[in-house]
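Presented below is the structure to which this report refers.
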DNA sequence: CGAGGCTTTGAACTGATTCAACCGCAGTGG
DNA sequence: CCACTGCGGTTGAATCAGTTCAAAGCCTCG
């Protein structure tokens with residue numbers, strides 16, 4: 001009934017709970033309190049006596065996979081550090097990047113609806129996530145007023161982000177890229193880092209795939225933005241000079257050249 | 001922090017709770033039971049003694065607006081009949097169609113995260129929705145085991161749909177259109193109608209906007225699909241002949257022509 | 001230092017847009 | 001009853017934005 005289910009599901013991933021622990025035996029014992037989780041996800045709930053409930057961490061190294069499409073859904077995650085990418089595998093084997101979760105993002109929501117994940121979640125750099133088993137979420141929903149609402153908020157937030165992505169259709173490549181940079185800037189700012197200067201956590205090819213353009217086009221569009229004075233960049237370091245202009249970039253009317 | 005908030009918000013819509021009742025004074029008294037709602041949204045929960053709790057309906061006529069971007073978020077809706085379109089207004093005033101909720105869809109989720117709606121929800125034909133105030137949802141979440149989970153499911157389902165839309169980037173126009181048609185077919189089938197023959201509820205221009213192509217391109221691509229024998233169409237009536245082929249349409253390799 | 005991944009640059013090509021005209025139908029009003 | 005108007009849809013022709021292919025430059029890391 002939902003055609004993404006018809007994807008050619010890969011063999012079960014190596015990274016179910018146990019395997020993960022094996023890969024990072026020494027440091028996997030990390031955990032966070034419920035209070036820390038709520039801060040991270042921007043949830044305000046009355047935690048009652050669960051304040052200090054401890055939640056396991058999971059670590060994934062660069063290029064490692066957190067979960068694959070088709071794997072049974074078990075739990076949600078909150079990104080505590082690092083950046084991941086979400087990829088869906090097409091019927092034809094084509095890969096499509098659909099998101100870059102980072103600190104504060106709720107990860108794994110794609111698995112709730114059909115009991116199995118629809119995307120593959122890969123780490124772009126060494127990352128750390130807080131594990132939130134569904135049973136725990138349900139328990140907290142029952143006894144902590146506001147917790148369910150918080151999860152709703154977080155999920156709605158993820159949906160809002162998807163919407164803002166979908167909004168980019170029909171824009172020129174430069175405009176799409178401009179908004180992408182602003183989106184990253186906002187997210188870095190929300191994480192407490194500098195808004196206007198940051199490192200791109202992903203290669204050009206992933207940006208291109210994500211935005212629906214060739215990686216060569218990403219290069220050229222970035223260069224063009226730099227020539228316009230809106231940004232400056234060297235390698236993966238981006239500095240945003242004119243956020244307003246980046247946001248309002250538009251396809252200029254056809255038979256209309258520069259004036260004065 | 002989230003740039004969609006910077007949209008030029010329209011003046012408050014005409015259709016807050018009271019205004020809506022005024023527009024449809026005679027028939028607005030319709031309501032559904034909680035059990036009916038759960039069936040519609042595919043929620044399986046223990047409803048306890050709330051089985052027959054009644055939920056108000058809301059009717060919107062063709063081209064009327066359910067809510068506008070910027071309006072305060074109050075409640076969710078479940079589409080009981082009809083088709084709507086979700087539109088976001090760009091900074092530049094450009095409109096972007098981001099979805100076509102229909103029977104069984106959960107509507108309004110875009111408002112949860114930031115307390116105000118980010119999209120404008122317009123009826124494509126006379127439609128009827130069940131109103132789900134957040135207070136009711138929270139109450140039911142507390143006393144009906146499985147209800148919160150059901151809402152999570154529904155939200156995750158909406159997110160999955162968005163993902164499948166995002167997956168279409170990077171495909172040719174014909175392929176995007178093919179998947180769009182399949183998506184509609186699946187949704188009609190889920191609603192109990194015929195899968196392979198249906199009416200497009202929206203004009204070509206909305207399809208084009210939604211898929212990120214000019215409406216002329218929609219025309220041409222539809223014609224092309226018909227010439228390939230994958231569909232047949234007259235006006236807004238579509239008949240799908242080869243769903244498999246529609247799904248696997250792909251950009252054929254550049255320097256490679258037909259063989260034998 | 002060398003290999004391989006990432007990025008940039010160049011040049012040809014093409015799919016899609018744009019602009020413009022036209023068709024057909026529905027509703028309106030004379 | 002029929003011209004008139006407007007909207008949705010189709011078709012055609014010119015143009016362009018972005019892709020594709022190719023090659024070279026540049027970092028990083030073993």
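No lab work stands behind these numbers, since they all come straight from the coordinates. Note that this is a predicted model, so its numbers are computed, not measured. Quick reminder, even Gly has a Cβ in these numbers, built from the backbone with ideal geometry, and neighbours come from all protein chains shown.
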Pairing the Cα long axis of helix A:147-166 with the longest principal axis of chain A, what angle in degrees results, from 0 to 90 and rounded to the nearest 10? 30
Among A:131, A:98, A:119, what is the fewest-to-most ranking by other Cβ atoms within 10 Å? A:131, A:98, A:119
Mean projection area, nm², convex hull over Cα of the stretch B:101-140: 3.4
Defining the label point at 7 Å along Cα→Cβ, can you sort the distances from residue A:204 to the same site in each other copy, shortest first, in nm? 3.8
Copies of residue A:139 compared via label points 7 Å along Cα→Cβ give distances in nm, shortest first, of 2.9
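Calculate the tail of P(r) for the stretch B:83-160: the fraction of all Cα-Cα distances greater than 22 Å, expressed in %. The partial results should precede the final answer.
Numbers: 910 of 3003 pairs.
That fraction is 30 percent.
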With an 8 Å Cα cut-off and a minimum separation of 6 or more residues, compute the relative contact order for chain A in percent. 17
Alpha carbons only, please: Rg and Dmax for the stretch A:170-248, in angstrom. 11.5, 32
Would you compute, for the Cα atoms of the protein assembly as shown, the largest minus smallest coordinate along each principal axis and list the three values in descending order, in whole Å? 66, 64, 57
In whole Å, largest first, what are the principal axis extents of the Cα atoms in the stretch A:119-260? 67, 32, 28
Can you tell me, using C-alpha contacts under 8 Å and at least 6 residues apart, the relative contact order of the stretch A:123-260 as a whole percent? 23
Compactness of the stretch A:118-161 - radius of gyration and Dmax, Cα, Å: 13.2, 36
Principal axis extents for chain B, Cα atoms only, whole Å, descending order, please. 68, 41, 39
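Give the order of A:216, A:36, A:128 when sorted by the count of other beta carbons within 10 angstrom, beginning with the fewest.
Least to most surrounded, the residues fall as A:216, A:36, A:128.
Grab the DSSP H runs of chain A that are 4 residues or longer, score each as -39,500 (n - 2.57), total them, divide by all residues and round the 222 nm result to the nearest 500 deg cm²/dmol.
Only helices count here, giving -10500 deg cm²/dmol.
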Which of rounded, prolate or oblate describes the stretch B:122-188 when judged by the alpha-carbon gyration tensor and an a/c cut-off of 1.5? prolate
As I understand it, the value is the acute angle between the Cα axis of helix A:173-190 and the longest principal axis of the Cα atoms of chain A; what does it come to in degrees, rounded to 10? 40
On a 0 to 90 degree scale, rounded to 10, what angle separates helix A:134-143 from the longest Cα axis of chain A? 80
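Work out the mean other chain Cβ neighbour count within 10 Å for the residues of B:141-150 and drop it here as an integer. Kindly include the intermediate steps, with their values, before the conclusion.
On the way: counts 5, 5, 1, 0, 2, 1, 1, 8, 5, 0.
Rounded to a whole number, the mean comes out at 3.
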